[in-house]
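The values are calculated or read from the model by the stated rules, or taken from the named source; none is laboratory data. These figures come from a predicted structure and were not determined experimentally. Counting neighbours? That spans all protein chains shown, and the Cβs are built from the backbone with ideal geometry, glycine included. These area figures cover heavy atoms from the full protein model, side chains too; ligands, DNA and RNA do not enter into them. Shrake-Rupley method; radii C 1.70, N 1.55, O 1.52, S 1.80 Å.
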Amino acid sequence: MFSFVLIILLGTLILSLPVSSAQGKYTGFSNALFTATSAVCVTGLSVLDTGMYWSTFGKLVLLFLIQIGGLGFLTLTTLALILSGNRIDLKTRILMKESLGQNKLQGILKFTKSIALLTFGIEAAGALVLSFVFIPQYGFVKGVFFSIFHSVSAYCNAGFDLNGNFNSFTSYISHPVVNLALMTLILLGGIGFTVPFDVIKNRRFHRLSLNSKIILVTNAILLFGGWFLFFVFEHGNPLTIGGYDTFTKLIASVFQSVTCRTAGFNTMDLEAMSNSSKLLSIFLMFIGGSPASTAGGVKVTTVAILFLISRSVVQNKREIEVFHKRISFKSVNKAIAISVIMSCIAFFGLMVLSTAEKGAPFMSVCFEVISAIATVGLTLNLTTSLSLLSKLVLICIMFIGRVGILTILLAFSEAKTKRYKYPEEKIII
């Protein structure tokens, strides 16, 4: 938790310097802090135009912050220690195990190196594909930088772009290469570090771990369900995709379904979407991606467990079962706790922003809060006009969303063991 705070403050200091802005001027503390928090928390909400405001140096700083936020400070520092040949103590190994969501300590350093190689390999491949579009458009140097920046931003689910004027990728709405490359990077970054290795090792679905099965199935349901609903809601809307051909409508709909899973890019005008699409976007943003990934949200496993709990209650079962396996009550309790606490924080943020931004539509405020807590970065053009109070609240919410509310609470709590149990009594529900 404190490593994230340290990196955010360091990023704020650097971004506030004149060398970081294109105009060579000092950047206000609140705007620099908001941008640094958004980058380290891989959110993508921007109070300043990323493509126009920041200098090349400032953009490089943002790229560095995004990479740290996506992989995690602990992962990168451990990797640096491994490469330098230093010994990794037991405490760091245990922290790495917890950080990456692993069940065993054995082989954790090898797994860390594999994650780094996988990440940099995917980002390099994504940059190579995007370079075929950006180099002809911007020239070699600028095109290469655009390719690398957007590949890292997409894989880390950060949502920062350099296209300028807060347009994101709306000018590429029908471009198949850009759309497919970005969607692939977003999905690979948001599926979790453990799942690809599990798939490569076991290959067949029935051999995968229960965690991988739940992640893959739930992601598929949300992806195709969101694709279908966005197409239904927007195919006749002339302000978004109504005037395009069927191919563009389909690819824009699936891109919106993918990007809401905490990526933060957009190819259609979000503010012009129907209320149904906005509500669907909020729902997908709150769920987010997979655990031990670059994505935010309450996570797909949490939502899957809540659904399975409901199914067990309806079927009058004592155990929560899926794929011929039983889910531990520890996982069930964590899923319920995360959902309740995150909902309460979102409700608090919604009340504060609704009060501070009195002239803003309620849907825009709700969209902004959920986008922040799920570290998505999508906005209905509200971010640039936020008051100082709203910025500070969103900074806190983005930090909570990235670090994890349970991590923050457990950092200040002490485990207490009791040698007794109170008598059990049922309550009416």
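What the table shows:
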{"item": "Residues within the range 231-251 that are within 16 Å of Phe169 (Cβ to Cβ) and in contact (Cβ under 8 Å) with a residue 40 or more places away in the chain, tallied", "result": "4"}
{"item": "Residues located in the range 195-221, provided they are among the basic types (Lys, Arg), part of a helix (DSSP H, G or I) and more than 20 Å from Gly288 (Cβ to Cβ)", "result": "Lys201, Arg207"}
{"item": "Any chance Val254 is in contact with a Gly (Cβ under 9 Å, 6 or more places away or on another chain), within 24 Å of Leu188 (Cβ to Cβ) and either in contact (Cβ under 8 Å) with a residue 60 or more places away in the chain or open to solvent by 40 Å² or more (accessible area, probe 1.4 Å) (or both)", "result": "yes"}
{"item": "Evaluation of Phe286 against (1) at negative phi; (2) part of a loop (DSSP other than H, G, I, E, B) (one fails), failing number", "result": "(2)"}
{"item": "Phe140 vs. criteria over 22 Å from the mean Cα position of the chain (by Cα) and crowded, with 21+ Cβ neighbours inside 10 Å", "result": "no"}
{"item": "Flag for Phe362 being more than 21 Å from Val403 (Cα to Cα), of a type outside the set (D, E, K, R), out of contact with any Phe, Trp or Tyr (no Cβ under 8 Å at 6 or more places or on another chain) and free of Cβ contacts under 8 Å to residues at least 24 places away in the same chain", "result": "yes"}
{"item": "Filtered residue count, the range 143-165, keeping only those that are crowded, with 18+ Cβ neighbours inside 10 Å, assigned to a loop (DSSP other than H, G, I, E, B) and either touching a strand residue (DSSP E or B) at 6+ places or on another chain (Cβ under 7 Å) or not charged (D, E, K, R) (or both)", "result": "7"}
{"item": "Candidates Ser339, Ser371, Ser328, filtered to the one that is under 19 Å from Ile397 (Cα atoms), surrounded by fewer than 18 Cβ atoms within 10 Å (Cβ to Cβ) and of a type in the set (S, T, N, Q)", "result": "Ser339"}
{"item": "Positions within the range 106-133 being more than 25 Å from the chain's Cα centre (by Cα) and within 17 Å of Phe169 (Cβ to Cβ), in sequence order", "result": "Phe132, Val133"}
{"item": "The range 267-310, residues that are open to solvent by 80 Å² or more (accessible area, probe 1.4 Å), without any contact (Cβ under 8 Å) to a residue 40 or more places away in the chain and over 30 Å from Ser151 (Cα atoms)", "result": "Phe307"}
{"item": "Scope the range 12-67; condition of a type in the set (Lys, Arg) and either outside any loop (DSSP other than H, G, I, E, B) or at pLDDT 95 or above (or both); matching residues", "result": "Lys59"}
{"item": "Filter pass, Lys91 being open to solvent by 50 Å² or more (accessible area, probe 1.4 Å), at pLDDT below 95 and under 30 Å from Phe169 (Cα atoms)", "result": "no"}
{"item": "Test for Gly226: is it over 16 Å from Val376 (Cβ atoms), open to solvent by less than 70 Å² (accessible area, probe 1.4 Å) and modelled with pLDDT of 90 or more", "result": "no"}
